[in-house]
1. Among the residues of the stretch 35-44, is any in a strand (DSSP E or B), surrounded by 20 or more Cβ atoms within 10 Å (Cβ to Cβ) and either among the aliphatic types (A, V, I, L, M) or modelled with pLDDT of 95 or more (or both)?
2. Scan the stretch 119-133 and tell me whether some residue there is within 15 Å of the chain's Cα centre (by Cα), part of a loop (DSSP other than H, G, I, E, B) and surrounded by fewer than 21 Cβ atoms within 10 Å (Cβ to Cβ).
3. Going through Met168, Met145 one at a time, which residue ends up being over 20 Å from Val103 (Cβ atoms), in contact (Cβ under 8 Å) with a residue 40 or more places away in the chain and under 18 Å from the mean Cα position of the chain (by Cα)?
4. Would you point out which residue out of Ile105, Ile52, Ile12 is within 13 Å of the chain's Cα centre (by Cα), closer than 17 Å to Arg187 by Cα, at pLDDT 95 or above and not polar (S, T, N, Q)?
5. Would you be able to tell me the number of residues in the stretch 160-181 that are small (Gly, Ala, Ser) and either modelled with pLDDT under 95 or in contact with a strand residue (DSSP E or B) (Cβ under 7 Å, 6 or more places away or on another chain) (or both)?
6. Restrict the check to the stretch 81-94 and report whether at least one residue is in contact with a helix residue (DSSP H, G or I) (Cβ under 8 Å, 6 or more places away or on another chain), within 21 Å of Val177 (Cα to Cα) and at pLDDT 95 or above.
7. Scan Phe68, Phe59, Phe74 and give me the residue that is at pLDDT 95 or above and among the aromatic types (Phe, Trp, Tyr).
8. Considering the stretch 17-27 alone, what residues qualify as being surrounded by 17 or more Cβ atoms within 10 Å (Cβ to Cβ) and in contact with an Asp or Glu (Cβ under 8 Å, 6 or more places away or on another chain)?
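The values are calculated or read from the model by the stated rules, or taken from the named source; none is laboratory data. Given the structure is predicted, the values throughout are model-derived calculations rather than measurements. All Cβ positions, even for glycine, are placed from backbone atoms using ideal geometry, and neighbour counts span all protein chains on display.
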Amino acid sequence: MSHIVTETRDRIARIELARLDKKNALTAEMYAAMADALAAAEADRDVRAILIHGAPDCFAAGNDLADFVKRPSFDDSAPVMRFMRAIATAAKPIVAAVGGPAVGIGTTMLLHCDLVYAAPKTRFQLPFVGLGIIPEAGSSMLLPMIAGYQRAAELMLLGKPFDAEKAMAAGFVNEIVPPESLLERARQAALDIAALPPASVRLTKQFMKQRYAKPLAELMVEEAKVLTERVGSPEAQEAFSAFFEKRKPDFSRF
């Protein structure tokens, strides 16, 4: 059974995260499927907007750490890198509907989306530092740019969970929507975009993102290199071991 469900209807390409038994924790296969779905949407002339969502009470709990530890690759061909490049460079607008946990990549991918709608009880988190690694997907540039340095530093350095109101104050959530109408609100936004002149929409997005597209691409490569190194570091190994052993990590000896 696929953990990524795709559908194209009403000029909207829908990408659904559907691994709810694992809180939509992302595996290499899921990254590959999402990268393929984004590429297909970009290539389809009939598609005018892309909608990404999970369930109303679960968006994405970050990487599946068991899968991640087995395949901690961030080279150009790695599925996670293919997905991050695809979402960062998508020419067509991306709308996201976010509810429940949105951890790690579940938050950083939203920085590349054009419109983000969140349920009131959404729990965002950027736990990279606490795992002995660093942020990815260009988030070390995008979040300070969107939220301001101090807000970004609080969210990234402390790595504590935060709610939808704080995410909206940080600038990467457009609207907080009741969970029962979350998906429909995001879908309506995608429909509104799909009804607009498509070339004008794409060009407007292009010009809004143009000034930082090149430095963002370069930063993502640099982040990936350092992230690969950090996965093998003693700090990260202690963090991962503590996670699997269900204990608090001890960084006092580092």
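1. Filtering the stretch 35-44 down to residues in a strand (DSSP E or B) leaves none.
Looking through the stretch 35-44, none of the residues is in a strand (DSSP E or B), surrounded by 20 or more Cβ atoms within 10 Å (Cβ to Cβ) and either among the aliphatic types (A, V, I, L, M) or modelled with pLDDT of 95 or more (or both).
2. Applying the first criterion (within 15 Å of the chain's Cα centre (by Cα)) to the stretch 119-133 yields 122-128.
Going one step further and asking which of them are part of a loop (DSSP other than H, G, I, E, B), we end up with 122, 126-128.
Right, trim to surrounded by fewer than 21 Cβ atoms within 10 Å (Cβ to Cβ) and you get 127.
Yes, the conditions are met somewhere in the stretch 119-133.
3. Working: Met168 fails: over 20 Å from Val103 (Cβ atoms).
Sole residue among the options that is over 20 Å from Val103 (Cβ atoms), in contact (Cβ under 8 Å) with a residue 40 or more places away in the chain and under 18 Å from the mean Cα position of the chain (by Cα): Met145.
4. On the way: Ile105 fails: closer than 17 Å to Arg187 by Cα; Ile12 fails: within 13 Å of the chain's Cα centre (by Cα).
Result of the check over Ile105, Ile52, Ile12: Ile52.
5. Looking only at the stretch 160-181, we keep the residues that are small (Gly, Ala, Ser), and these are 164, 167, 169-171, 181.
Now restrict to residues that are either modelled with pLDDT under 95 or in contact with a strand residue (DSSP E or B) (Cβ under 7 Å, 6 or more places away or on another chain) (or both): 164, 167.
Counting residues in the stretch 160-181 that are small (Gly, Ala, Ser) and either modelled with pLDDT under 95 or in contact with a strand residue (DSSP E or B) (Cβ under 7 Å, 6 or more places away or on another chain) (or both) gives 2.
6. Going through the stretch 81-94, the residues in contact with a helix residue (DSSP H, G or I) (Cβ under 8 Å, 6 or more places away or on another chain) turn out to be 81-94.
Checking the rest, the ones that are also within 21 Å of Val177 (Cα to Cα) come to 93-94.
Next, from what is left, pick out any that are at pLDDT 95 or above: 93-94.
Yes: one or more hits.
7. Details: Phe68 fails: at pLDDT 95 or above; Phe74 fails: at pLDDT 95 or above.
Result: Phe59 is the single residue among Phe68, Phe59, Phe74 that is at pLDDT 95 or above and among the aromatic types (Phe, Trp, Tyr).
8. Those that are surrounded by 17 or more Cβ atoms within 10 Å (Cβ to Cβ) and in contact with an Asp or Glu (Cβ under 8 Å, 6 or more places away or on another chain): Ala25, Leu26, Thr27.
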